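Colleague: Have a look at the structure that comes next, please.
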Amino acid sequence: MVVFTVITLVGAYLVAALLLYLCQGHLVYFPTKEIVARPDQWGLPYEEVWLRTSDGLRLSAWFVPAEGARAYVVFCHGNAGNISHRLESLEIFHKLGLATLVFDYRGYGRSEGRPDEEGTYRDAEAAWDHLVGQRGVEPRRIVVFGRSLGGPIAARLAMEKSPAALILESTFPSAPEVAARMLPIFPARWLCRIKYPTIRFLEGVRCPVLVVHSPVDELIDYRFGRR
């Protein structure tokens, strides 16, 4: 009986570990399709924009202009919801005199495709290319902003491009480090196929970086911000 119990527990553990390895995208990305509000409902002027990624997907985005804009923001949002859940941030940036391009990753909102790590990097590049290539904005006037999951995406973009600055809010050093903290009974670092290595990207960033993190963050531990 004891042997059977041990075999059952070990089997259940191995099955759970296999599911974590194979299905981790479902633990990282939580997109929603419904657009719950639009910028004009918050008194913000905006343009609806469609971006084209390097692998041919169409992404939904909003450009919120600011009269005499001090700078432009590429807004890489977190892992849940869609751009319609970021209106409070858009309002703040607008009040600061910043024009903002906020976009939905593939599979989020009305964007085509399904989210994956490499795809989200391509999505951020499409937003950058829109500002620089289609709107003629100089890179030295662009601030890349990443919140939570958007942090490593923003850091990767800043590493590859030449923005004026990079802002990281409530983000993490890497996905395996978060997994190891949340799932201590599994060898999470080994199981993680999704990496998002923010720390490694930051080693190649040459612009000023601001890290913002709350000591009472209940999801992404404050010590990750300090790292």
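The values are calculated or read from the model by the stated rules, or taken from the named source; none is laboratory data. Just so it is clear, the model here is predicted, and its values are computed rather than measured. Methodologically, a virtual Cβ is constructed for each residue, glycine included, from the backbone with ideal geometry; neighbour enumeration extends over all protein chains shown. Surface areas here come from the heavy atoms of the whole protein model, side chains and all, with no ligands, DNA or RNA. Shrake-Rupley method; radii C 1.70, N 1.55, O 1.52, S 1.80 Å.
Colleague: For segment 134-160, give me each residue that is more than 16 Å from A99 (Cα to Cα), touching an Asp or Glu at 6+ places or on another chain (Cβ under 8 Å) and not in a helix (DSSP H, G or I).
Modeller: Those that are more than 16 Å from A99 (Cα to Cα), touching an Asp or Glu at 6+ places or on another chain (Cβ under 8 Å) and not in a helix (DSSP H, G or I): R147, S148.
Colleague: Might you check whether a residue that is among the hydrophobic types (A, V, I, L, M, F, W, C), open to solvent by less than 10 Å² (accessible area, probe 1.4 Å) and under 20 Å from E160 (Cβ atoms) occurs anywhere in segment 84-92?
Modeller: No, because not a single residue in segment 84-92 is among the hydrophobic types (A, V, I, L, M, F, W, C), open to solvent by less than 10 Å² (accessible area, probe 1.4 Å) and under 20 Å from E160 (Cβ atoms).
Colleague: Okay, moving on. Determine if segment 156-166 includes at least one residue that is open to solvent by 70 Å² or more (accessible area, probe 1.4 Å) and modelled with pLDDT under 95.
Modeller: The first filter runs over segment 156-166 and keeps only residues open to solvent by 70 Å² or more (accessible area, probe 1.4 Å), leaving 160, 162.
In the following step, the residues that additionally are modelled with pLDDT under 95 were identified as 162.
Yes, the conditions are met somewhere in segment 156-166.
Colleague: Sticking with this one: Assuming P176 fulfils every condition listed in (1) within 30 Å of R58 (Cβ to Cβ); (2) without any contact (Cβ under 8 Å) to a residue 60 or more places away in the chain apart from one, which condition is it?
Modeller: The number of the failed condition is (1).
Colleague: Among the residues of segment 56-68, which ones are farther than 14 Å from Y46 by Cα and open to solvent by 10 Å² or more (accessible area, probe 1.4 Å)?
Modeller: G56, L57, R58, G68
Colleague: Can you confirm whether segment 60-74 contains a residue that is closer than 19 Å to M159 by Cβ, hydrophobic (A, V, I, L, M, F, W, C), touching a residue at least 60 places away in the same chain (Cβ under 8 Å) and not in a strand (DSSP E or B)?
Modeller: no
Colleague: Examine segment 86-98 for a residue that is at pLDDT 95 or above, farther than 22 Å from L44 by Cβ and in contact with a helix residue (DSSP H, G or I) (Cβ under 7 Å, 6 or more places away or on another chain), and state whether such a residue exists.
Modeller: No: segment 86-98 contains no residue that is at pLDDT 95 or above, farther than 22 Å from L44 by Cβ and in contact with a helix residue (DSSP H, G or I) (Cβ under 7 Å, 6 or more places away or on another chain).
Colleague: Next up: Do we find a residue being assigned to a loop (DSSP other than H, G, I, E, B) and either of a type outside the set (A, V, I, L, M) or crowded, with 17+ Cβ neighbours inside 10 Å (or both) anywhere in segment 120-133?
Modeller: no
Colleague: Give just the number: which of (1) crowded, with 20+ Cβ neighbours inside 10 Å; (2) in contact (Cβ under 8 Å) with a residue 24 or more places away in the chain does R141 not satisfy?
Modeller: Failed condition: (1).
Colleague: As an exercise: evaluate L149 against (1) under 11 Å from the mean Cα position of the chain (by Cα); (2) open to solvent by 20 Å² or more (accessible area, probe 1.4 Å) and give the number of the one condition it does not meet.
Modeller: (2)
Colleague: Any chance you could count how many residues in segment 90-119 are assigned to a helix (DSSP H, G or I) and either free of Cβ contacts under 8 Å to residues at least 40 places away in the same chain or hydrophobic (A, V, I, L, M, F, W, C) (or both)?
Modeller: 5
Colleague: Looking only at residues in segment 191-207 that are assigned to a loop (DSSP other than H, G, I, E, B) and open to solvent by less than 30 Å² (accessible area, probe 1.4 Å), which one is nearest to P115 (Cα to Cα)?
Modeller: If we filter segment 191-207 for residues that are assigned to a loop (DSSP other than H, G, I, E, B), which is where we start, we get 192-197, 203-207.
Narrowing further to those that are open to solvent by less than 30 Å² (accessible area, probe 1.4 Å): 192, 194, 196-197, 204-205, 207.
Details: C192: 16, I194: 11, Y196: 13, P197: 17, G204: 25, V205: 25, C207: 28 Å.
Once the filter is applied, the top-ranked residue is I194.
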